[in-house]
Every structure is written in C-alpha cells, then in structure tokens.
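Notes follow the structure.
The values are calculated or read from the model by the stated rules, or taken from the named source; none is laboratory data. Just so it is clear, the structure is predicted and the values come from calculations on it, not from any experiment. FYI the Cβ positions are ideal-geometry reconstructions off the backbone, even for glycines, and counts take in every protein chain you see.
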Amino acid sequence: MIFDYISSFLGAIPAAVIAGLVPMVFIIPFALFAVYWERKVSAHMQDRLGPMRVGYHGFLQTIADILKLIQKEDIVASAADKPLFNIAPVLTFTGSYAAFAAIPFSSAYIGANIDLGVLYIIGVSGLVVAGLLMAGWASNNKYSLLGAMRSAAQIVSYEIPTVIVILTLFSMVGTLNLYELSELQSSNMFNWMIFGGTVTGWKKIVLIPLMFAAFLIIYLTTLAEVNRTPFDIPEAESELVSGYHTEYSGMKFAMFFLAEYANMFAVSAIVTSLFLGGYHSPFGYLGNTIGITWLVPIEQFFWFAFKGIALVTVQMWLRWTLPRLRVDQLMVVCWKYLIPLSFLIFLIVSLLMVL
Amino acid sequence: MKQYISNIYSALATVFIGMKITFKHLFVPAVTIQYPDVRVTLPGRVRNRLYVNMDDCIGCDQCARACPVDCISIETVKSVPGEDLGKTSNGKKKALWVTKFDIDIAKCCYCQLCVFPCPTECIYMTDVYEFSEFERENLVYSYITLTKDEVLEKKANFEKFEAEKAAQKAAPKPPAPEKPAPPQA
Amino acid sequence: MIEMETTSTNLRTQEMVLNMGPQHPSTHGVLRLEIELDGELIVDVRPHVGYLHRCFEKHCEAMTYPQIVPYVDRMDYLAAMYSEIGYAVAVERLLGIEVPERVEYIRIIMGELQRIASHLVAVGTYGLDIGAFTPFLYCFRDREKILTLFEMTCGARLLYNYIWPGGVSHDLPPDFIRMTKEFLTEFKPTIVELNNLLSYNKIFIERTANVGILPLETAINYGVTGPNLRASGLKWDLRRDDPYSIYDRFDFEIPVGKGWHGTVGDCWDRYYLRMIEMEQSVRILEQAIEQIPEGDVTSAIPKRIKPVEGQIYTRVENPRGELGYFIVSKGGLQPHRVKVRAPSFVNLEILGELCKGHLVADVVAILGSIDIVLGEVDR
Amino acid sequence: MKTTEEIFEVLKNRYSEDIIGITNMPPEKIIDVKPDAIFKVSAFLINDPDLDFDNLMILSGLDDANGTKTNQPDGSFEFVGGTLSVVYHIESTKHRHKLVLRVSVPKENPVTESVVKVWACADWHEREAYDMVGVIFNNHPNLIRILMPYDWDAGYPLRKDYKNPEFYQGMKVPY
C-alpha cells in the first residue's frame, strides 16, 4: 500500500524507511496522550484532579515529564551487565514497535500487508519477552530477576489462549491477513466478528455468545501480555518494587514506559482488527455520502484510533479498579480457565462451520 | 464443575460491580484542592508557628521549662530600680529585661505545652504554616525587641547596680576601699 | 498454602536471600525482612526492626509526666489519640484520680474516631499491598474528614497532645457534635462501597483467603492481640474484658473471625474484621454523641504530677491490639521507667511463623493483614 | 479469679525455696522469684489448669538503680552493685486473673533464664530487655540486640549510668 506507492517513485529502501517511520508518528503522540489520559482517568476515578499545572488541565504534563527524563543522568549499576543492560530497553521497544508493521490503520495504510499478519504480530511481540528477561538478568538485582522470570512465564503462557482464539477466527474466515480480515467486517456493524462475522442464519445467533466469550478471552490474555493489572505481577510495585525496570532510570526507563504504552495500543489494535471491525465505521462513511473519496481512509483511521483508545481506556479502568493476582493464580487463570474455555469455543465454532 | 462455573461467574460479577463503582466516581467532584491557588480555611485552634508578643512577656521562663524538646531559650537581666518597663496587657508589672528569647522552630514539635503555663498569654500558636528555609540557622527565631547595644547596656547597667550594691554592703564594715569589690558573676 | 513437589529432597535448589526493605513500598515503614527463597517459595523470614528507634523510653526518664504526652503521640502515629488515652489512664491509675464524666465521653469519641481513622489506613494500605490503588484513596478521603474533626478540636491533624492525664486540653468546639453526626451518616455508605469494591472482589478473596492462617493456640502463645487475635476466633476485647474509661455503658458487639471465605484466622478474616469493627465504632460513636453530658474538662488535671513510689501496668484496646504502659515511679517528677507494650511490636513476631511455605507475594499480603506501625514497633 | 495472695500461697507451697516473697508496689503486688527458677515457675503457671496463665502481657527489664552512686569529676555518675530486674505481667484469658512476677539479678552478673519456651512472645521482649538493660537470658534461641544496631558496643542505654559514646562507626555522637 503506502510502501508500494512510495517505492514507485523513490525506490524500495527509502520507501521502507518512510513506511517504517510512519507508525512512530503515531506512537509517540499516542504514548504522550495515553500517559496523560491514564493519569486523568485514574485521578477522576479516585476523586482527585490529576495533573493541573502544566498547560490547560495539565495537558502538557507528559511533555514536561519527558523533558525531565531526557535530562536525567543515565545510571548503570556497577555490577550490571552493561551491554545487555543497554540493549534490553531497545529490544523491548523494538518488539512492540515491530508489531505496528502489520496493523491496518486504515484501508490506505498498512505497514506491511503480510498474509500471516496476526501470527507475525504474536511472534514479534515475543521479542518483548527477550527484552524483559535481558533487563531482569542484566540489572543484577533480585527483584528485577524475579520480575523478569515472572513476566517470561506469564507472557509465554498467555500466548496460548490468544493463539487458540485466533485459530477460532481462522477456522471461520480462512485468513490470517489482518487487512483482509478487516475488509470482511465492512459495511455493517453486525458483520463484526464479535457478532459472528458474515455468517448468517441460526448459526449467527449461536455464534454471538461464543464470539463474545472469545472476545473476552483474547482481551484478558492480551491484557496479561502487556502486564497490566490484574496481571501486572512482573512489575507488582508492592512486592517487587517495580520488577524488571527497578534499576532503570532516565531515557532507558522512558523506553520501557513507551514500549508499555505502545504495546497497550498494539494489543488493542489487534483485538479491534480481529473482533471489532478493524478500521470500519459502524455507521458508514461521511466521505462516501458527500462524494469525497479521499476522506474515507481518514475517517477509517479515526475509527480505528477511536476503538483502540476505547479499549486502552477499558484497560486503564480495570487497572484502577482491580487488585493484582498472585503468580500461581495467574497461571491457574491461564491454564485452568482460559485455555480450556478457548479450546471449547474453538471446537464448537469449528463444528458449526463444518455443519 | 459447579465450583468452576461459580468461580468464573463470581470473578466476572465482582469485577463488574467494582467497575461500576469506579465509573460512578468518575463523575463525583474531586475532593482535593489546588493548593497554592486555593487554601483551606483553618480552624481557630490550629497549631502552627509559634509567636511571642514581647510587649507582654515578663521573662518568667515557664514556657522554656514546659517545652519537652528544649527549643526555647530565654535569658533575662534584672532591671535597675528607677527603670520603668511598663505593664503587660493584663496588668502584670514587668521586672526583667529579656535579653534573649530564641525559639528554634526546627526543633519545635508543635505540642502547645508552652502556651498553657504562660501567665500573660504572650506566647501562642498562629496559623502560619509556610515558613520553610534553605538554611537551618534561619529557623532560629529571635523575638527580643532590644537591640544588641541595648542588651549590652542593660547588662552593664545591672552589673553596675550589683557592684554598687555590693559596695554598699561592703561599705559599713571596713573603711571604704579604693576599688569596689569585683561584681559577682 | 501452596504444595510444590520440586522442593523434595531429590531436587535440591539453591536458596536465594531476598532483602526486603528497609526501603520497600509495602513494608509499611522501615522494616527489613530477610527472606530466604526457594524459587518464589519462602523458606524463612527474619524481621529486623529498629530503624525507627527514637529512644522513647530513655527520653521518658528525663521528662516530667505531662511532657511525655507529645512523645507518646509519636509512637503510633496513626492512632495517636489512643496512645494518649492509654498513657492518661495509666498515670491516672498511678495517681488514683478520677476524671469528670464529660472527659470520659470525649475520650471515647476521640478514641473511636481514631479507631475508624486507623482502620481506614489499615484497610486502604492493605488494598494497596494487594494491588488495588483506588480503595486506598477512598479510605484516605474519609480519614481526612476525621482528621479535620481532630484539627477543629485540638489544632493538630496527626500528633494531637490532646488527652492529658486528668483531662483533655480543650473542650469540644461548638460545631463538633453536628459535624461528627454528619460524618457518621456520610461514612456508613462508604463502608458498603468499600466492601463491594474490595472485600468481596473475587481476586482479592483469592489473594487473601486461606493465606497466612493463624491458629488460636499460636496466637495466644505469641501474645497476638487486637483484630488479629479476634480474627483467630477468640472473643477478647479489652474494652469489654478489662474495662477502662466508660466502655461498659455502650452497646456494641465484638466481632470474631468466622472463616467467611476460607479458614478461621486467615488474611481475609483479619482484613474483614477491621471493616466490621469500623461499623461497631460507628455504633459506639452514635450512642456517645447522644449521651455526652455537659461539664468541665480541665478541672481534674493535676497541677503537678508526682506519684508516690509504685508501679502500674495498664492496657487499652488500641486499633492494633493491646497497648500497655508499664510505669515505675520512684516518687519523683519524672518516671523511673516507662516501658510500652506496643501491639505492633508483639504482633510482628508471628510474621516469620505465618509466612513459611507461602509465596513472595504472600509476605506482602500477610504483613499488610497484621497491620503494623513501625513507629510503635521501634519506639 | 484468684488474687495475688492466693497464687502466692500456691507457689510458696510448691516452690518454697525459689519464691522470695511478695512486695507491695502500690497499686501492684509483685511476687519475687529467684532467677534460676523463673522457667520452672512460669511453666507451672501456664500448665496448671487452675491458674492457666496463657498470656504474657509484657516483659520489661529495668535498672533498679539501687547500688552505691559514685560521682565522676565530669558530672557523670556510676552505680556500683545493685540489681537489674525483669518484670513479668501475665494473665489468664480463661480465668481472667493477673499476676506480676519479678526476677532481680545482680548487675555484675545479670543472668536469668529465658521463658521463650513457655510464652513464645517473650522472644522479642527478652531481646529488648537484653538490648536496653543488659539482662542475659539463658537458653534464649537468638539473644541479639533488637532495637539498637547489632554492633552497638557502648553498653545498655536504659541503665541509669549509661553514657553516650563519642563515636559510632566513625560518626560523632550526637551528630
């Protein structure tokens, strides 16, 4: 798409660079906004006001924070493994950034239109685990190590139900290409996968609760993959201080932070693309009605960002409501509840599709 | 199996109840205030920085003795007959020059124990609570109204008076000595 | 209790010593725990205290009796009113003086308000330890209201120096009764809300039920008191069992742990007991506010406290347990020896016993449920 | 409910050698016990069904300051001789009676017996008494300092003749 368009007159390599930088234009403002948004949401939930001093209602607070983080001294603990310590935040951020390549922001923009898009995203976010493990090991801190071990176990386990749910969808639509998946859910809100996709008749009625359950499962598992409450045990500030990034400060810490918020959006984007109609509007497009076709992709981008941010908001809402699970209970939730249930859904849906 | 399903149900149900509560609180007005712009009105009995009204102080040292952390230090010099120190607002006659009245407010524990024994109610706690300093020495407040020279003068006066008194005492015994006896420390 | 077979003899893993504290977000102050870990499983916990030692007992020996009161505040800074009540009761019994009726009522009102405030902190920070941030702020919002009431009365929000041997420093301000009534009506729905938000949450129950079970025998032998003892099932409350002040005039219940979601004496019981105790405190307050007589509050304060030679141990039911003062007088203006039986100090001893065999995350849950204040442990 | 005198009679009949007497310290009455007998007396007190003292409320060490006072030229003073005491306040949660026991040990050789095996909560109390007053409890599982730093070697702070050291680990005291 955008890559093909640019490479037609600039050549492949500059096109790749440009196409690769486009998500950055989105992620950094998003992260700045999301941090601000999280503070405000949490503050108002707790009868507070949150940041109010920098800019209108503290709107520029995160920019001030970033400026502060940039100015901070880059501290590396003397007993730390320096190369690993320095690579880890970059690797973590790379993992979450690379996931954006296959996410269709609108019908006109998708970084790379890969046929195995979903699997690519799942695979690439595995890099995050490597980054976290590196950070935990290289910090030479027991809390970091415990946090990293927990997060590795957690992320690896929670990928299983995610993939099973994706498999369920695959058995319904026969494609793992996120662009095609999004296109399948076009034209009508009830074509969204959460409402059973394009399947018609009695099957759809049976599918709706199943799909709803599948949506809940994938939302929970992705929540666990980005280490958010109630699954934030790798960071668990009350027991592990702050887990794998205890020893990080300044820009390296900011990298982890950025990666966390980028990841939050990435998983919400996946859930959106898979279940909530991707970039499609639930109502139809203004651009089509008034005949300006170039407005449609922009509207689509708006809808995509809107759905993504809405899901991110729900993540925040959960975080400021719930306590945290314990490490063994986390595994219990995954292995005893989510995996059997997702298998069950997978079986029923596959049977339905065969019928 | 029943347990399994009820676990799922109770987990989801309690999560939703919790989410409902937090959602309700999104629209509750905040209870915090924007501090330097908005300030709470403090009740009348509030205990913050100590203040001494030196016009009323008679230098009786009772507050310093009541203080559990010894943050008040008072030094006084007796007045010489003929000097009029005035009266306090509740009619007590002053008899001492207060040459030192320092409160180390950094040590103060705001317990108000110094306020109660004061016979003239000249030491009390105000509602000023913003008085941080960069240097600890600046937190030692001196309340005396006399200047340094005056303090020296009063001391000298008193010493002279003491010396005279000693001289008078000494006078009747032997014939008057050439020099007055050295003043007692 | 988690059973793991990996610790059997044929698979010996190296133990890791994790140093938790003195600066750690959930040790509630400067407590240092030396935790021996096998993976995430706890083999041993050794608490090290003393980081907040301020020589309270040594100070007392150089201080007159009224001067000790501000120091007493600084022991249990979350329940300073109650520390003062305990001290005042001890000195009064040593001197053998009676205090006016109104003073007793004021003390009970202050004490119960303080109990609510202290339990709110306990409950809120416990939520924080488990990972729920929001209930903590709701608790602090209500605690602030109580502190405002205290500020109206004596001018300070945290360290009051209000209850003196023989009386109280000020009479109640004119608005106090009305504002306390308002607070109580506002506060009752908050308990329900807190219960719905935190206590009955499935995740919270999973984290705390059947964790850190304290059997009654062990509890008594270790001298555990207060809500922790009652959660283990013994109906033992000094307000009723060793009455001081005028608690025998009020109608209130003493809740005991029933193992609502697990075993008797687990973390959830200890936590939930504090919730019920807040309700009971509200009950006492409502009665006390109705009954409070008029009168003078400073008349019985002795001008000079100089007890004869003797010694006394008195105890009161502090929000955390049995707060005892052992005062030895040799007939001077200063006590010969003051020793405090701080409930947190004694309750903290069972931590090592409770933690064995649990996970690291449970240390936080258990420590939070014991509800210690380090200022009182270290004195 | 039993009064101190009744319990004193019971103890006197059983351990006549080890019970010294009853002291009146108004408003409390104290039973004095010999240092080397406190363990067996307390074990009897907790095990006897009529007494059943299951709760040790407080264990406090104190310096009696009853030796001969010698003043030093620099204003400090020292007590030579005299005793240190350990006071046990115990009660029964079942029968609701209370008792005060006291053990006095000479300051030169302040050794008594630990009661940790009887009341587990005595552990930290005894460590505190050791830390502050310097009473040594035999058979205590882990008798180290508790509130003071583990390497505090300037003596026991709650003794009346305690003097602050000039330096602690190279730092001036007071700072």
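List of remarks:
Results for (1) crowded, with 17+ Cβ neighbours inside 10 Å; (2) farther than 25 Å from C:Pro66 by Cβ; (3) not aliphatic (A, V, I, L, M), shown as yes or no for each residue.
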residue: C:Val264; (1), (2), (3): yes, yes, no
residue: C:Ser281; (1), (2), (3): yes, yes, yes
residue: C:Asp296; (1), (2), (3): no, no, yes
residue: C:Lys303; (1), (2), (3): no, no, yes
residue: C:Arg315; (1), (2), (3): yes, no, yes
residue: C:Lys339; (1), (2), (3): yes, no, yes
residue: C:Ala342; (1), (2), (3): yes, no, no
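- Any hit, the stretch C:233-248, residues being touching a Phe, Trp or Tyr at 6+ places or on another chain (Cβ under 6 Å) and buried (at least 16 other Cβ atoms within 10 Å of the Cβ): yes
- Checking each residue in the stretch A:70-94 for being of a type in the set (A, V, I, L, M) and either part of a loop (DSSP other than H, G, I, E, B) or buried (at least 20 other Cβ atoms within 10 Å of the Cβ) (or both) picks out A:Ile75, A:Val76, A:Ala77, A:Ala79, A:Ala80, A:Ala88, A:Leu91.
- A:Leu318 surrounded by fewer than 21 Cβ atoms within 10 Å (Cβ to Cβ), hydrophobic (A, V, I, L, M, F, W, C) and within 14 Å of chain C (Cβ to nearest Cβ): yes
- Residue-level check: of (1) within 11 Å of chain D (Cβ to nearest Cβ); (2) part of a helix (DSSP H, G or I); (3) hydroxyl-bearing (Ser, Thr, Tyr), C:Ser369 misses just (1).
- Any hit, the stretch C:352-366, residues being in contact (Cβ under 8 Å) with a residue 24 or more places away in the chain, among the acidic types (Asp, Glu) and under 14 Å from C:Arg32 (Cα atoms): no
- Only one entry in A:Glu235, A:Glu247, A:Glu225 is within 14 Å of chain C (Cβ to nearest Cβ), of a type in the set (Asp, Glu) and touching a helix residue (DSSP H, G or I) at 6+ places or on another chain (Cβ under 7 Å), namely A:Glu235.
- Odd one out for B:Gln3 among (1) in a loop (DSSP other than H, G, I, E, B); (2) out of contact with any strand residue (DSSP E or B) (no Cβ under 7 Å at 6 or more places or on another chain): (1)
- Exactly one residue among D:Arg127, D:Arg159, D:Arg145 is surrounded by fewer than 19 Cβ atoms within 10 Å (Cβ to Cβ) and among the charged types (D, E, K, R), and that residue is D:Arg145.
- Members of the stretch B:40-53 that are more than 12 Å from the chain's Cα centre (by Cα) and more than 9 Å from every other protein chain (Cβ to nearest Cβ): B:Thr41
- Top-ranked residue in the stretch D:83-114 [being within 19 Å of D:Phe8 (Cβ to Cβ) and not in a strand (DSSP E or B); ranked as nearest to the other protein chains (Cβ to nearest Cβ)]: D:Arg96
- The helices (runs of 4 or more DSSP H) located wholly in the stretch C:121-238 that include 3 or more residues which are away from chain A (no Cβ under 14 Å) and without any contact (Cβ under 8 Å) to a residue 12 or more places away in the chain occupy C:176-194.
- Residue count, the stretch C:297-313 (criterion: touching a Phe, Trp or Tyr at 6+ places or on another chain (Cβ under 6 Å) and within 14 Å of chain D (Cβ to nearest Cβ)): 1
- Residue, surrounded by the fewest Cβ atoms within 10 Å (Cβ to Cβ), within the stretch D:49-66, restricted to residues that are more than 14 Å from chain C (Cβ to nearest Cβ) and touching a residue at least 12 places away in the same chain (Cβ under 8 Å): D:Asp50
- Filtering the stretch C:339-361 to residues that are assigned to a strand (DSSP E or B) and either more than 20 Å from the chain's Cα centre (by Cα) or within 19 Å of C:Asp44 (Cα to Cα) (or both) leaves only C:Leu359.
- Residue within the stretch D:72-82 that is within 12 Å of chain C (Cβ to nearest Cβ) and not acidic (Asp, Glu) present: no
For every residue, the table says whether it meets (1) within 25 Å of C:Trp236 (Cβ to Cβ); (2) assigned to a strand (DSSP E or B); (3) under 16 Å from the mean Cα position of the chain (by Cα).
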| site | (1), (2), (3) |
| --- | --- |
| D:Glu9 | no, no, no |
| D:Ser16 | no, no, no |
| D:Ile20 | no, yes, yes |
| D:Asn24 | no, yes, no |
| D:Ile38 | no, no, yes |
| D:Phe44 | yes, no, no |
| D:Pro49 | yes, no, no |
| D:Leu62 | no, yes, yes |
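- Top-ranked residue of the stretch D:70-82 - restricted to ones that are in contact (Cβ under 8 Å) with a residue 60 or more places away in the chain and not aromatic (Phe, Trp, Tyr), ranked as farthest from D:Thr3 (Cα to Cα): D:Ser76
- D:Asn139 passes every criterion in (1) within 14 Å of chain C (Cβ to nearest Cβ); (2) touching a helix residue (DSSP H, G or I) at 6+ places or on another chain (Cβ under 8 Å); (3) of a type outside the set (Val, Ile, Thr); (4) at positive phi apart from (1).
- Selected residue [over 30 Å from C:Lys330 (Cα atoms), surrounded by 21 or more Cβ atoms within 10 Å (Cβ to Cβ) and hydroxyl-bearing (Ser, Thr, Tyr)] from C:Thr148, C:Thr134, C:Thr185: C:Thr134
- Unique residue being modelled with pLDDT of 80 or more and at positive phi when the list is D:Asp32, D:Asp48, D:Asp52, D:Asp36: D:Asp52
- Here C:Arg379 passes the criteria (1) at pLDDT 85 or above; (2) in contact with a Phe, Trp or Tyr (Cβ under 7 Å, 6 or more places away or on another chain) except the one numbered (1).
- Total residues in the stretch C:239-268, condition outside any loop (DSSP other than H, G, I, E, B) and among the aliphatic types (A, V, I, L, M): 0
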